[in-house]
Amino acid sequence: MKEIRAGFDAVLITTGASEKRDVKIPGRHLKGIHFAEEILTQSTHRVMGDAIPSHETVYAAGRDVIVIGGGDTGSDCVGTSRRQGAKSVTQFEIMIQPPKLPSFPRAIDRPEESAWPAWTHMLRTTSSHEEGAERHWSLETVAFEADESGNLKGLTTRELAWFTDADGKKVCEAVAGSEKFWPCQMILIAVGFLGAERQGLAAELGLEFDARGNIASQNYASSERGVFAAGDARRGQSLVVWAIAEGREAAKAVNEFLKDKDA
Ligand SMILES: Cc1cc2nc3c(=O)[nH]c(=O)nc-3n(C[C@H](O)[C@H](O)[C@H](O)COP(=O)(O)OP(=O)(O)OC[C@H]3O[C@@H](n4cnc5c(N)ncnc54)[C@H](O)[C@@H]3O)c2cc1C
């Protein structure tokens with residue numbers, strides 16, 4: 001990094017938001033438990049015709065697959081597992097099941113907490129779900145379970161009861177006696193991201209992070225003079241359109257910086 005800093009007037013960091021949230025519970029070390037990106041990235045490589053070393057292969061064919069996490073990444077895992085020939089696909093979400101609304105809900109149909117113009121809190125069924133998956137809400141995974149040979153044999157969940165506390169905050173408590181064992185041979189963890197990677201590049205550059213785990217910036221300039229950030233690394237996991245827009249805006253900010261430097 002020292003070499004890059006010495007050889008270039010400005011550096012733009014666009015390394016994404018790859019710091020994954022984990023499910024840190026007993027049995028996490030068991031073989032057969034993967035982060036979503038492992039199966040998704042491999043799947044893309046396969047489509048591109050790249051060879052995957054057999055000892056690294058994550059493939060759902062013939063397995064009962066449980067996806068932990070009910071968001072977009074979880075939905076991608078559902079579809080990918082199904083297309084790879086999984087025996088069954090089950091998806092768990094920790095939050096309460098959102099209300100079923102018409103596809104394009106009118107203002108009067110929307111729940112109070114996501115009134116127009118906020119993003120509508122509603123049940124979303126993707127094409128991946130339509131390909132076939134069992135979905136469950138208000139479930140917390142409490143342990144990954146192994147058989148006597150140490151192989152993954154399933155996981156245990158418990159139900160959560162959600163309610164609104166006196167401060168208007170959504171809180172939950174475990175439902176006593178609701179523990180349930182779910183057999184499976186593959187588990188995919190898709191419970192979100194914690195922001196940009198803190199080790200390596202960012203650490204070497206001594207960059208500051210904001211409260212959400214993203215590279216802190218002002219008009220794309222990081223805490224280090226001459227170092228800029230854009231895309232998911234700066235705003236957290238987002239969308240391609242935002243990454244493109246941020247790339248353009250960051251280029252303008254770098255241009256202004258270089259013009260001032262040369263003035
Ligand atoms: C599972 C999943 C599904 C998604 N689906 C969609 C979707 O359908 N539509 C949509 O709009 N968005 C989707 N997104 C979000 C979208 O992928 C991102 O918002 C977008 O790619 C961000 O672009 P970026 O350039 O900021 O970062 P990235 O696309 O993450 O690119 C960062 C790159 O930097 C590389 N890198 C990291 N560290 C270093 C380093 N030290 N040196 C050099 N290179 C490094 C990484 O390998 C990576 O190639 C999805 C995200 C995920 C995780």
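The values are calculated or read from the model by the stated rules, or taken from the named source; none is laboratory data. Note that the structure is predicted; figures quoted are calculated from it, not measured. Please note: Cβ atoms are built from the backbone with ideal geometry, for glycine as well, and neighbour counts cover all protein chains shown.
See the values below:
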quantity	calculated
Hey, Arg110 surrounded by 16 or more Cβ atoms within 10 Å (Cβ to Cβ) and either modelled with pLDDT under 95 or in contact with a Lys or Arg (Cβ under 9 Å, 6 or more places away or on another chain) (or both) or not	yes
Flag if Val240 is exposed (fewer than 13 other Cβ atoms within 10 Å of the Cβ) and among the β-branched types (Val, Ile, Thr)	yes
Some residue of segment 111-130 being more than 26 Å from Val47 (Cβ to Cβ), touching a helix residue (DSSP H, G or I) at 6+ places or on another chain (Cβ under 9 Å) and of a type in the set (A, V, I, L, M)	yes
Test for Ser138: is it surrounded by fewer than 20 Cβ atoms within 10 Å (Cβ to Cβ), in the same structural domain as Gln185 (by TED's automatic domain parsing), within 19 Å of the chain's Cα centre (by Cα) and under 30 Å from Lys31 (Cα atoms)	yes
Qualifying positions in segment 212-224 - modelled with pLDDT of 95 or more and surrounded by fewer than 14 Cβ atoms within 10 Å (Cβ to Cβ)	Gln218, Asn219
Selection status of Pro117, without any contact (Cβ under 8 Å) to a residue 40 or more places away in the chain, buried (at least 16 other Cβ atoms within 10 Å of the Cβ), of a type outside the set (Ser, Thr, Tyr) and in a loop (DSSP other than H, G, I, E, B)	no
Filter result (loosely packed, with under 11 Cβ neighbours inside 10 Å and not in a loop (DSSP other than H, G, I, E, B)) within segment 164-184	Thr164, Glu173
